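Below is one structure, written out as structure tokens; comments come after it.
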Amino acid sequence: MPSLNVTFAEHELALLRLAAASAGQSLARFVRGAALAEAWEHHLRAAYEDMHRNLSEQGAPLADRATYLAVVAQEGTL
């Protein structure tokens, strides 16, 4: 699996090391988890905005939008 060569300033690396130690994780595991969490959040936000735009264009009531989002989230098709 390819890896990323990411550069941090010393103070940034110190902060990451401290946070990883507080979480009881290695630095690599902590940084990987943080990057994936950010990517997942971005994906969900984009999917919600797309869903909201599509349903708004259709004139769907707010309750229908919430139901749709809940069903899609449960199905894992977001």
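Reported count of residues in the stretch 3-18, each being open to solvent by less than 50 Å² (accessible area, probe 1.4 Å) and either touching a Lys or Arg at 6+ places or on another chain (Cβ under 7 Å) or closer than 13 Å to ALA35 by Cβ (or both), is 1.
Pairing residues of the stretch 1-29 that are on the phi < 0 side of the Ramachandran plot with residues that are surrounded by 10 or more Cβ atoms within 10 Å (Cβ to Cβ) and among the small types (Gly, Ala, Ser), at Cβ distances under 6 Å and at least 6 apart in sequence or on separate chains, gives LEU27/ALA20. Whether a residue is of a type in the set (Val, Ile, Thr) and part of a helix (DSSP H, G or I) was assessed, and VAL6 does not pass this test.
Candidates are the residues of the stretch 47-57 that are closer than 20 Å to GLY76 by Cβ and either exposed (fewer than 10 other Cβ atoms within 10 Å of the Cβ) or hydrophobic (A, V, I, L, M, F, W, C) (or both); the one that is modelled with the highest pLDDT is ALA47. Just one of the numbered conditions (1) modelled with pLDDT under 80; (2) open to solvent by less than 60 Å² (accessible area, probe 1.4 Å); (3) aliphatic (A, V, I, L, M); (4) assigned to a helix (DSSP H, G or I) is not true of ALA60: (4).
Here SER22 passes the criteria (1) open to solvent by less than 60 Å² (accessible area, probe 1.4 Å); (2) in a helix (DSSP H, G or I); (3) of a type outside the set (D, E, K, R) except the one numbered (1).
Checked against the criterion of being modelled with pLDDT of 85 or more, open to solvent by less than 70 Å² (accessible area, probe 1.4 Å) and more than 15 Å from the chain's Cα centre (by Cα), the stretch 32-46 contains not a single residue that satisfies it.
The values are calculated or read from the model by the stated rules, or taken from the named source; none is laboratory data. Since we're looking at a predicted model, the values are computed, not measured. Positions of Cβ are backbone-derived with ideal geometry, glycine not excepted, and every protein chain shown enters the neighbour counts. For the accessible areas, the whole protein counts, side chains as well, though only heavy atoms, and no ligand, DNA or RNA atoms are used. Shrake-Rupley method; radii C 1.70, N 1.55, O 1.52, S 1.80 Å.
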